[in-house]
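To keep things clear, I will list the structure first and then write my remarks on it.
The values are calculated or read from the model by the stated rules, or taken from the named source; none is laboratory data. Note that the coordinates shown come from a computational prediction; the quantities given were computed from them, not determined experimentally. Positions of Cβ are backbone-derived with ideal geometry, glycine not excepted, and every protein chain shown enters the neighbour counts. Areas reflect the complete protein model, heavy atoms only, side chains present, ligands, DNA and RNA absent. Shrake-Rupley method; radii C 1.70, N 1.55, O 1.52, S 1.80 Å.
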Amino acid sequence: MKRIVLFVMTNLAVMLVLGVTASLLGVNRFLTSNGLDLGMLLGFSLLMGFGGAIISLLMSKPIAKWSTGATVIVQASNADEAWLLQTVSGFATTAGIGMPEVAIYEGEPNAFATGAFKNSALVAVSTGLLRGMTREEVEAVLGHEVAHIANGDMVTMTLIQGVMNTFVVFISRVVGYFVDAALRRNDTQSAGPGMGYYITTIVMDILLGFVAAIIVARFSRQREFRADAGAASLMGRKQPMINALQRLGGMQAGTLPKTMAAMGIAGGLGSLFATHPPLEERIERLRNS
């Protein structure tokens, strides 16, 4: 219920900010006089901005299973699978969430959590992670992923992505109309937007898309620190999570599909676009927390 209220309030806040800003800057009057309905543009921007993000969230579990080839453990067939189910169940109970599905997939060391709802999420670990870490380290990684679920990180990232998408769609089209109007100020014959609008919109979508990606990645990195601390809290001590991060630093972490990269235990390239902070920074933050 809390996240539904958050979603509704976020939508209203986005519409309010865009509407007030456009009115204060006189954009509303300009666009209306040039044939663009600001209310329609706001609605279109919200639909495009949040629509894709929400659909991606709702489809995250089946897409994750399909793209990684993850096999959900319905009934444990060996001691390792039984231990995984028991460990995740214990963390879920402590965190106050429903038991997530637990899956294993073939691949280099990594793990991820995904799902639209706290009480029906998915936690998956790779065979490389299970082979390369001690049980205590794997337990810490599982705690990290359960902490992501308990913190509502999947929904939070969807909201942030939706807000960024909405601003990108709205601003790029407003700028497109300004540019098109300037280019066609002496043209009184043509109706509707011209080529200047379409070219400007495409260029602005790309440029603002990069800015939005940087902002989303910044939020993602902060969320990783919280999940590390969450794992330490679930286990009652920091050292296992620190050990797991140190171990991960000596491994070649597996690459996850883009839709799950932000929810993995490791990932991201470049300082601005990285979804995860450097392992050394995560270890230092955990030690000093």
Run the dipole for the stretch 109-240 about the Cα centre, Lys and Arg Cβ at +1, Asp and Glu Cβ at -1, nothing else charged, and hand back the magnitude in debye, nearest 20. 160
If the reach is capped at under 16 angstrom between alpha carbons, list the aspartates and glutamates near K118, excluding any in the same chain fewer than eight residues apart. E101, E145, D153
Additional length obtainable on full extension of the chain from E284 to L85, 0.36 nm per residue less Cα span: 68.6 nm
Tell me, in nm to one decimal, what length is gained between S77 and T93 on full extension, where the rule is 0.36 nm per residue of separation less the Cα-Cα distance? 3.5 nm
Roll a 1.4 Å probe over the protein heavy atoms and report the accessible area of K238 in Å², nearest 10. 70
Tell me the accessible surface of S289 in square angstrom (1.4 angstrom probe, heavy atoms of protein chains only), to the nearest ten. 90
Accessible-area order (highest first, 1.4 angstrom probe) of the listed residues T87, T156: T156, T87
Counting only protein heavy atoms and a 1.4 Å probe, tell me what percentage of the stretch 127-166's accessible area is made up of carbon and sulfur. 52
Taking R0 as 30 Å, what FRET efficiency do you get between V211 and N119 from their Cβ-Cβ distance, rounded to the nearest 0.05? 0.30
